[in-house]
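Visitor: Starting off with a structure, shown below.
Only the coordinates and a few stated rules stand behind these numbers; no lab work does. This structure is a prediction, so every number in the text was calculated from the model and none was measured. Ideal geometry is used to build each Cβ from the backbone, glycine not excepted, and the neighbour counts take in all protein chains shown.
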Amino acid sequence: MIKSFIPRVAAVNDLSGFGRVSLTEATPILSAMGVETCPLPTAVLSTHTYKFQDYTFCDLTDEMEKILDHWKSLDIKFDAVCTGYMASARQIDILSDFIQEKKLEGSLAVIDPVLGDNVLADAETVYYDRMNDLLLAMRRFVGLADVITPNLTEACLLLDEKYPEDYITEEELKDMMVRLSRLGPKGVAVTSVMTDSSRMSVGVYDKNTGEAKLLDCGYIDRPFHGTGDIFAAVLTGALVHGKTVIDAAQIAVDFVKAAIAETMKYPDIKIEYGVVFEKILSKFFSDFK
Ligand code: PXL
């Protein structure tokens, strides 16, 4: 059996060469948090799919099965499995088996149900490119999670509800998180929630204690691509260090806010280039325990 001496996470996500998303964020972030990161790529892309045309896309579904078989033969233990961008519904089936096995060994499952974002997409397409067939599989998949991290668009898709036309109140958000927790997860963090005209918030709910909190993210009137993936990575890193879901969400909010503040120093960075987290990474987590 290969045991972990520092926390070890299987990070299941795509590898997009350019544009700061998914594994190009999760891997350095988890490493900086003192977590051994074992990437399991779902697809290799030249760039992510937002705003870039003609990106290359190599679906790794078959390869994932082989990688998992090899990992199994090595009997590797993981403190957590965190999943993000899925390239096919079959990947969700493969990972469902993997997560069920790993949960029996005590691993935590953090599922980011990557599907879309109203804030980024134009009015009638809430889904990210390629994602509109995955909803049903994703609804089942989140049932296996200990913690889920949907943005508000994904939360509405999972609950089969309309995206709110107006700002959302704290009570409405708590109610939504309680309903999401009924799908299975004990912890729910909903990102990208406009709680008034000048405030973006993250809602977080801990089913074990019944506590819900609204975390203030400030507000800058433009989207920041890839911040959901950063949020999920930091939250996972904090959870495997033993933080509660509410504390972990606060740490993730603080890091995303710091990365956004850094990005604002570079006016030439386009939205699709993601946020500049590199320069703040080592300092932010230097004392992290
Ligand atoms: O950040 C979500 C995400 C992840 N991976 C890929 C994407 C997106 C959103 O556009 O395209 C490949």
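Visitor: What residue among Thr191, Thr153, Thr263 has the largest mean-square fluctuation in a Gaussian network model of the chain, using Cα springs under 10 Å?
Guide: Maximum among the listed residues: Thr263.
Visitor: Starting from 0 in steps of 10 Å, tell me what percent of the Cα-Cα pairs of the range 1-146 lands in each bin.
Guide: So the P(r) values, bin by bin, are 11, 41, 36, 11, 1, 0.
Visitor: Given the pairs Lys243/Lys289; Lys162/Lys270; Lys265/Lys289; Lys174/Lys257; Lys257/Lys283; Lys77/Lys102, which are separated by over 18 angstrom at their Cα positions?
Guide: Working: Lys243/Lys289 10 Å; Lys162/Lys270 30 Å; Lys265/Lys289 29 Å; Lys174/Lys257 22 Å; Lys257/Lys283 14 Å; Lys77/Lys102 8 Å.
Distance filter (> 18 Å) returns Lys162/Lys270; Lys265/Lys289; Lys174/Lys257.
Visitor: May I ask for the longest run of the chain untouched by GluC sites (Glu not before Pro) that are loop-located per DSSP and have at most 15 neighbouring C-beta atoms (other than their own) within 10 Å? Before the final figure, lay out each step's value.
Guide: On the way: sites that count: Glu105, Glu124, Glu161, Glu165.
Looking at the chain, 166-289 is the longest stretch - no exposed GluC sites (Glu not before Pro) with at most 15 other Cβ atoms within 10 Å.
Visitor: Which loop trypsin sites (Lys or Arg not before Pro) in the range 108-159, with loop taken from DSSP, have no more than 16 other Cβ atoms within 10 angstrom of their Cβ?
Guide: Listed in order of number, the matching sites are Arg130.
Visitor: So, counting K/R as plus one and D/E as minus one, what does the shell of residues with Cβ under 11 Å around Leu23 add up to?
Guide: Numbers: positive: Arg20; negative: Asp14, Glu25, Asp229.
Net charge in that neighbourhood comes out at -2.
Visitor: What is the chain by shape, rounded, prolate or oblate, if you read a ≥ b ≥ c off the alpha carbon gyration tensor as root eigenvalues and call it rounded for a/c under 1.5, prolate for a/b larger than b/c, and oblate otherwise? Please list the in-between numbers first.
Guide: Values: a/c = 1.25, a/b = 1.20, b/c = 1.04.
Here the chain falls in the rounded category.
Visitor: Considering the zone a paramagnetic label at Lys66 would reach in this model (a point 7 Å from Cα along the Cα-to-Cβ line), which residues of the range 23-58 have amide N under 15 Å from it?
Guide: 41-44
Visitor: Which residue, Thr47, Thr169, Thr227, has the most motion in a Gaussian network model of the chain that connects Cα atoms within less than 10 Å?
Guide: Thr169
Visitor: Relative contact order for the chain: what is it in percent, counting Cα pairs under 8 Å that are at least 6 residues apart?
Guide: Taking the mean separation of contacting Cα pairs over the length of the chain, I get 17 percent.
Visitor: Same structure again: Using the scaling law 2.2 N^0.38 Å as the reference, what is the normalised Cα Rg of the range 83-174?
Guide: Values: Rg = 14.1 Å, N = 92, 2.2 N^0.38 = 12.3 Å.
Ratio of Cα Rg to 2.2 N^0.38 Å: 1.15.
Visitor: Could you pull out every residue, at least 5 positions away or on a different chain, whose amide H is within less than 5 Å of the one on Asn118? Hs are placed 1.01 Å off N in the peptide plane, and Pro or chain starts have none.
Guide: Amide H to amide H, under 5 Å and 5 or more residues apart or across chains, Asn118 pairs with Thr153.
Visitor: Mind checking which of Gly106, Gly226, Gly19 has the largest fluctuation in a GNM of the chain, springs on alpha carbons under 10 Å?
Guide: Its mean-square fluctuation being the largest, the pick is Gly106.
Visitor: Suppose the Debye formula is applied to equal point scatterers at every Cα of the range 148-289; what is log10 I(q)/I(0) at q = 0.09, 0.13 Å⁻¹?
Guide: Cα-only, vacuum Debye calculation for the range 148-289: -0.27, -0.56.
Visitor: On to the next question. Work out, step by step, the length gained on full extension between Asp268 and Phe52: first 0.36 nm times the residue separation, then minus their alpha carbon distance; give nm to one decimal. Working shown, then result.
Guide: On the way: separation 216, 0.36 × 216 = 77.76 nm, distance 1.67 nm.
Full-extension gain reported as 76.1 nm.
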